[in-house]
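The values are calculated or read from the model by the stated rules, or taken from the named source; none is laboratory data. This one's a predicted model, so the numbers in the text were calculated from it and none came from an experiment. Here Cβ is always computed from backbone atoms with ideal geometry, including for glycine, and neighbour counts include all displayed protein chains. Note: accessible area is taken over every heavy atom of the protein model, side chains too, but ligands, DNA and RNA are not part of it. Shrake-Rupley method; radii C 1.70, N 1.55, O 1.52, S 1.80 Å.
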Amino acid sequence: MPARLRPPGSSEDAQVPPPQIHHSDARPVLEKARLHLLYSQASWSEGPAWWPQQRTLIWSDVVGRRVLGWREDGAVDVLLDATPFINGNAVAPDGRIFHCEHGHRAISFSRGSESPQIVATQADGQRLNAPNDIVVANDGSVWFSEPTFGIENPKQGVRSRSESGRTSICCLGRDGITRRVADMTQPNGVAFSPDNRIFYASQTPEHGEGEIAIFAFDRLGNRLSNRRRFATVPHGIPDGFTADRRGWVWSSSGIGIEVFDSSGRHLATVPTPHLCSNCEFDSEQKRLFITGAEALWVLQLNA
């Protein structure tokens with residue numbers, strides 16, 4: 001049985017102002033939405049992913065080297081312990097959970113309890129940097145970012161050098177081959193539009209090497225083209241983000257979650273008590289789960 005960190009129980013009000021509506025389109029969705037605290041004992045929360053087969057929200061405590069699971073009854077369990085600094089997670093339709101491993105500089109998968117099985121350590125014949133965020137496309141291909149954060153920060157990985165000298169978006173195809181499909185300056189969060197024809201990736205360089213923004217690409221098969229700037233957040237960086245069925249993009253920032261429509265128009269801001277890192281919907285998209293520092297929050301949506 002997994003180790004239990006929190007018994008079943010109710011959430012707490014997060015004690016933050018209500019969402020700020022910047023455009024009337026957001027009012028029916030967010031006007032009455034409120035943020036609740038689900039857990040507050042992690043070290044650095046990241047990589048939220050909804051596991052529909054278990055009705056569980058999984059996320060990584062990167063520094064604590066664990067993958068955690070929040071259950072519908074409010075309980076929190078350790079699903080994977082002593083991980084190799086797992087960061088991003090994504091759930092495939094068959095229930096497999098794909099992981100970004102900083103320590104092994106690899107992509108792996110598990111079923112939420114057994115030791116993860118590594119499926120990719122190289123792209124184009126060169127070792128990966130430190131895979132960061134990940135998403136599974138509707139055709140089963142696995143897309144991820146590989147900046148160098150996880151081989152530069154010893155609290156979140158193992159110090160090393162980049163073998164490729166590149167920081168890229170990679171695709172693990174159904175043929176089992178991993179390819180670098182687009183170079184970016186420290187790519188970070190990744191997501192697809194609802195029809196999977198648009199791929200989004202944030203770029204978050206730490207030393208002024210490039211623009212901090214979310215970029216959009218046209219996607220055809222395992223190829224990306226027509227890179228363009230999609231949106232910027234007014235405070236902090238767009239670390240992790242997700243897209244809903246409307247095509248809206250919900251992005252982390254320095255003050256909370258920023259909401260954009262499919263054209264990049266800024267619709268709303270959802271304040272969080274402190275810096276947040278990433279977010280993910282449940283299957284019904286009635287709840288948005290948000291990670292940040294020690295915390296996991298949930299935003300109950302109107303529609």
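How many of the residues making up the range 8-58 are over 24 Å from the mean Cα position of the chain (by Cα) and open to solvent by less than 20 Å² (accessible area, probe 1.4 Å)?
Here the count works out to 0.
Can you name the condition, by its number, that Ser251 falls short on among (1) of a type in the set (S, T, N, Q); (2) within 18 Å of Pro48 (Cβ to Cβ); (3) open to solvent by 10 Å² or more (accessible area, probe 1.4 Å)?
(3)
Given the residues Val91, Val135, which is the only one that is crowded, with 21+ Cβ neighbours inside 10 Å, free of Cβ contacts under 8 Å to residues at least 60 places away in the same chain, of a type in the set (Val, Ile, Thr) and under 19 Å from Arg179 (Cβ atoms)? Talk me through it step by step, then tell me what you get.
Working: Val91 fails: under 19 Å from Arg179 (Cβ atoms).
The match here is Val135.
Quick check: is even one residue across the range 215-224 open to solvent by less than 10 Å² (accessible area, probe 1.4 Å) and under 30 Å from His36 (Cβ atoms)?
Within the range 215-224, none of the residues are open to solvent by less than 10 Å² (accessible area, probe 1.4 Å) and under 30 Å from His36 (Cβ atoms).
Among the residues of the range 59-81, which ones are buried (at least 24 other Cβ atoms within 10 Å of the Cβ) and charged (D, E, K, R)?
Of everything in the range 59-81, just one residue is buried (at least 24 other Cβ atoms within 10 Å of the Cβ) and charged (D, E, K, R), namely Asp61.
Can you tell me which residue is farthest from Ala293 (Cα to Cα) among those in the range 1-34 that are among the aliphatic types (A, V, I, L, M) and in a loop (DSSP other than H, G, I, E, B)?
Step by step, filter the range 1-34, then rank; the result is Met1.
For the range 196-214, give me the residue count where each residue is among the acidic types (Asp, Glu) and open to solvent by 80 Å² or more (accessible area, probe 1.4 Å).
Residues in the range 196-214 being among the acidic types (Asp, Glu) and open to solvent by 80 Å² or more (accessible area, probe 1.4 Å): 2 in total.
Please list, ordered by first then second residue, the pairs with beta carbon atoms under 6 Å, 6 or more apart or interchain, first in the range 35-48 and in a strand (DSSP E or B), second among the aromatic types (Phe, Trp, Tyr) and open to solvent by less than 50 Å² (accessible area, probe 1.4 Å).
Going by the 6 Å Cβ cut-off, the qualifying pairs are Leu35/Trp297; Leu37/Trp297; Leu38/Trp70; Ser45/Trp59; Gly47/Trp59; Pro48/Trp59; Pro48/Phe289.
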